[in-house]
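Q: Pasting a structure here, questions to come.
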Amino acid sequence: MQEKTTNWARPYLLILATVVLLRLVTLAAPDLFDTTEGRYATTSQIMLERNDWVTPWIIFKGVEKPYLGKPPLHFWLINSSFELLGLSNFAARLPGVFSAAAITLTLYFLVSPLLGRRAALVSALIFSTSLLSFILSGVCLVDVTLTVGITLAVAGFALADRSRLAGYLCFAGLALGVLVKGPVAIVFFGMAVGPWVALRWWFTRSYPAQMRALPWITGPLLFLLIAIPWYLFAESRNPGFLEYFIWTENIGRFTKADYGDEYGNGHVQLRGAAWVMMIPSLVPWSLALLGTLWEQRRRLSWSRFLNDLKHDEWLLLGVTWTVSCPVLLFFAKQYTATYNMSSIPGFAFLLAVMWKRATEHAEPYQLFSRLTTRMLYVAMSLTVLVASIVFYVQAAEPSTSQTTMAIIIAFGLLAAAVRMPSLKDSMSSIAALSLMAAIGYSTTLVAGDAYLSTHRSTKNILSYAASLAPGQHLTIGFAHNLPFSARFYSALMSDPTVKVSQISNEAVSQATEDLIIVRKNKGDTDVVMKDPTKEKIGELGRWRVYRRKQP
């Protein structure tokens, strides 16, 4: 019988609302990172300027060109945010918050009919406060939006035998994923549910009811209706798009180290690195689970766990969904930690199942243990404290007020961790750790604002350079490479006549720009060597500013 929602749920709902609020109030800090955040925000900015909602555009080597490496759904969301709120950090990142909220709701409505509302809230708390999902929910990247589609597809599949609508949501989710990142969305979905279907058939010698319940004729038609039109429009406007996008971006990326990327260089990883990346991505829950398993190691039995996988279809789905990204990426050549994002809802689903099964067992067992949870409280507090001090020391222009606030919050968290009374049950422990994690992440982001904005973005260096040459229409050149965020932030400067451009290494000596900005230790000495008439007039963080020597 389904549980009735009573007063017991209010504290957990309040914590979830607090997590969302904390992510919203920290959206503006720090400034947009280069290269990825700056690239996506600038792509949407150019699409709006061109009034082109079909072809994404990118600045590559200083030249605007069609960006054929990504479908447009995430850019459409950013465009809409820009239309409503104007160009800003907040507007660029707001779609990530809505996407994360959509995933959380999807998880809740998946887990609730299967395991009950308490387990559904557990899954929502764990997903929303895992490190990767919390950070990416406020970052201008496509991975969270992609995960919306994959999560919706998995949830629709799992509930297909209970609702015909769920079957259609499965295909609709796949279509959304394909509009965010292409056919790889189908592969990620297949890696989550394909092994589950195969193992369920192996265990029971019959296909799961979900397979039989899916609308195999009208569902694919819905998928095509949603996903295909944009691909046809894109090919008609950019002949050769489909060949490049499918064979290079979606196949070559996962099979070749040098796959012919036209828009930069990928991130080559050691084989199996995705498995290691999962541990920090799932903090604090990965550490809480490992700590609890270590404490309970004498009671655990691998044979019992494998037997549970054989007879518990939802425990099995949680495992296959969780490992789907690391397994797929084991064979990939180039990727980043963010590619694991679509496994995070699977991990939250898995822990909700484990929590539910643990509460049903007669023997004393808790997920997560009180000792492990309390140790994580202290570790989180100390991490915030140390990070705040390090950011302050490393920042070119540190913010005393932000750092002071972060240190006060860190000591407050530490005091709460030390004095916190014993929590009455494991769900209370999960809720308390969720709240502490969200506060810790938010505080660290604010403390790191000054350092990260100066070293990983260009808004501060553009303002600083403009202050060195006031009262004139400035042209600013970035030597060797034009950061994406520079194009974005130049449109937000108080003097709209400031223009930014890229100066190639060969053209430094002939540069006519009023100022030249170059990254420290990456070619700044070349500026003087190639053109002795240039002099350094300022420095901020990792950037140096040059101009022609005054007579």
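The values are calculated or read from the model by the stated rules, or taken from the named source; none is laboratory data. Owing to the predicted nature of the structure, the values given are computational and were not obtained by experimental measurement. Counting neighbours? That spans all protein chains shown, and the Cβs are built from the backbone with ideal geometry, glycine included.
Q: What about LEU24, is it buried (at least 22 other Cβ atoms within 10 Å of the Cβ) and not aromatic (Phe, Trp, Tyr)? Can you show your working first?
A: Numbers: buried (at least 22 other Cβ atoms within 10 Å of the Cβ): no; not aromatic (Phe, Trp, Tyr): yes.
No.
Q: Restricting the search to segment 39-66, which residues are over 17 Å from TRP230 (Cβ atoms) and touching an Asp or Glu at 6+ places or on another chain (Cβ under 9 Å)?
A: ILE46, LEU48, ILE58, PHE60, LYS65, listed by residue number.
Q: Note down all Cβ pairs under 6 Å where the first residue falls in segment 325-345 and is assigned by TED's automatic domain parsing to the domain that holds MET278, the second is modelled with pLDDT of 85 or more and acidic (Asp, Glu), and they're at least six residues apart or on different chains.
A: THR338/ASP143; MET341/ASP143
Q: Being of a type in the set (Ser, Thr, Tyr), within 22 Å of the chain's Cα centre (by Cα), surrounded by fewer than 24 Cβ atoms within 10 Å (Cβ to Cβ) and part of a helix (DSSP H, G or I): is that true of SER80 here? Walk me through it before giving the result.
A: Numbers: of a type in the set (Ser, Thr, Tyr): yes; within 22 Å of the chain's Cα centre (by Cα): yes; surrounded by fewer than 24 Cβ atoms within 10 Å (Cβ to Cβ): yes; part of a helix (DSSP H, G or I): yes.
Yes; evaluated as a whole, the condition is true for this residue.
Q: So, one more: What helices (runs of 4 or more DSSP H), lying completely within segment 94-200, carry at least 2 residues that are farther than 13 Å from PRO345 by Cβ and without any contact (Cβ under 8 Å) to a residue 12 or more places away in the chain?
A: In segment 94-200, the matching helices (runs of 4 or more DSSP H) lie at 164-181.
Q: Does LEU317 satisfy the criteria of being in a helix (DSSP H, G or I) and buried (at least 21 other Cβ atoms within 10 Å of the Cβ)?
A: yes
Q: If you don't mind, there's one more thing I want to ask. Check PHE75, PHE33 and return the single one that is among the aromatic types (Phe, Trp, Tyr) and either closer than 16 Å to LEU492 by Cβ or part of a loop (DSSP other than H, G, I, E, B) (or both).
A: Step by step, each of PHE75, PHE33 is checked, and only PHE33 is among the aromatic types (Phe, Trp, Tyr) and either closer than 16 Å to LEU492 by Cβ or part of a loop (DSSP other than H, G, I, E, B) (or both).
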